[in-house]
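Each remark here refers to the structure printed beneath this line.
The values are calculated or read from the model by the stated rules, or taken from the named source; none is laboratory data. None of the values given here were measured: they were computed from a predicted structure. Quick reminder, even Gly has a Cβ in these numbers, built from the backbone with ideal geometry, and neighbours come from all protein chains shown.
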Amino acid sequence: MKKSLVIVRVFIGVFLSGIVFWWYSFRFINNQVNIPRSYNPVSWFYEQKSEEEIEEEMEKEVIMNMDYYSDESFQKFLDDYHPLSQNYEANDVVKINSDFTSNKSSNFKLREKAAEMFEWMAWAFSNAFDFKARLTINSAWRSQKYQRQLAANCSAWRCAKPWTSEHEAGLALDLWVNGGNIKAWSGKYYQWLVDNAYKYGFHNSYQKWLEVDGKIVEPWHWRYVWVDLATYLYEHNQTFAEYFYENIEPKN
Ligand SMILES: [Zn+2]
């Protein structure tokens with residue numbers, strides 16, 4: 001037999017046994033430890049997932065790995081069980097341009113990124129209604145001292161306890177349109193926000209009542225969570241609390 005033919009046969013033999021070894025080692029490892037399906041090339045091969053399914057899983061992975069616990073994270077989850085640290089004050093709050101505040105006050109503040117994204121959103125809002133409607137801020141960042149004063153005169157399901165308010169985190173805003181609170185689910189202004197606010201990273205925190213969100217419904221209260229998370233919540237029709245307790249800290 002020709003020498004070159006032997007080399008080719010040996011090469012093919014090694015190659016094939018390599019593939020078989022790779023295949024079985026993955027199946028073996030998969031039986032021993034519980035590898036997430038999305039990491040296992042063998043299961044991908046078997047299941048023939050569609051591009052959308054794979055994309056959806058990767059997107060979920062990104063969202064799951066966000067930081068829901070650090071005070072300064074844009075995704076810091078806040079409720080009675082997940083307060084801010086007692087000495088935390090956001091250190092990057094900036095004043096909102098008075099064109100975007102309900103009484104032309106220049107005392108409203110938000111964390112810098114949230115303020116910037118709000119101004120973009122407010123411009124888009126006015127534009128969508130031919131500059132006949134103005135989206136303004138009626139409450140934004142609150143100091144811990146101020147939230148303590150507020151909470152002292154108000155029930156817990158209406159006003160957040162000190163250290164648990166999204167306003168103290170410098171990420172929440174209460175919105176007015178043309179000088180009045182956004183009161184209802186219905187109505188074109190609220191609908192515009194539902195359809196568009198996520199593109200700017202904002203989410204309407206309290207939509208599904210006490211048992212889901214721990215608060216009454218507040219159509220005016222929007223909170224900056226970053227575009228990726230806001231989009232995810234929008235696409236899955238979930239509130240932040242609903243998502244958090246289903247995926248990050250399941251209650252069971
Ligand atoms: Zn609010």
List the pairs whose first member sits in the range 158-174 and is without any contact (Cβ under 8 Å) to a residue 40 or more places away in the chain and on the phi < 0 side of the Ramachandran plot, whose second member is among the hydroxyl-bearing types (Ser, Thr, Tyr) and within 10 Å of the ligand (Cβ to nearest atom), and whose Cβ atoms are under 7 Å apart, counting only residues at least 6 apart or on separate chains? 167/139
State the number of residues belonging to the range 98-125 that are at pLDDT 95 or above and within 20 Å of residue 196 (Cβ to Cβ). 14
The one condition residue 210 fails out of (1) crowded, with 16+ Cβ neighbours inside 10 Å; (2) in contact (Cβ under 8 Å) with a residue 40 or more places away in the chain is (1)
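In a loop (DSSP other than H, G, I, E, B), at pLDDT below 95, within 15 Å of residue 78 (Cβ to Cβ) and assigned by TED's automatic domain parsing to the domain that holds residue 94: is that true of residue 184 in this structure?
Working: in a loop (DSSP other than H, G, I, E, B): yes; at pLDDT below 95: yes; within 15 Å of residue 78 (Cβ to Cβ): no; assigned by TED's automatic domain parsing to the domain that holds residue 94: yes.
Criteria not met by residue 184.
Just checking, which of 108, 125, 118 is away from the ligand (no atom under 15 Å from the Cβ) and either in contact with a strand residue (DSSP E or B) (Cβ under 7 Å, 6 or more places away or on another chain) or closer than 19 Å to residue 219 by Cα (or both)? Before you say what the answer is, go through the steps one by one.
Values: 108 fails: away from the ligand (no atom under 15 Å from the Cβ); 118 fails: away from the ligand (no atom under 15 Å from the Cβ).
Of 108, 125, 118, the one residue that is away from the ligand (no atom under 15 Å from the Cβ) and either in contact with a strand residue (DSSP E or B) (Cβ under 7 Å, 6 or more places away or on another chain) or closer than 19 Å to residue 219 by Cα (or both) is 125.
Can you tell me which residue is farthest from the ligand (Cβ to nearest atom) among those in the range 207-230 that are assigned to a loop (DSSP other than H, G, I, E, B) and at pLDDT 95 or above?
Going residue by residue through the range 207-230, those that are assigned to a loop (DSSP other than H, G, I, E, B) are 207-208, 214-220, 225-226.
Narrowing the set further to residues that are at pLDDT 95 or above leaves 225-226.
Details: 225: 14, 226: 18 Å.
Checking each candidate, the answer is 226.
Please find, among 153, 196, the residue that is under 20 Å from the mean Cα position of the chain (by Cα), more than 13 Å from the ligand (Cβ to nearest atom) and in the same structural domain as residue 235 (by TED's automatic domain parsing).
On the way: 153 fails: under 20 Å from the mean Cα position of the chain (by Cα).
After ruling out the rest, the residue left standing is 196.
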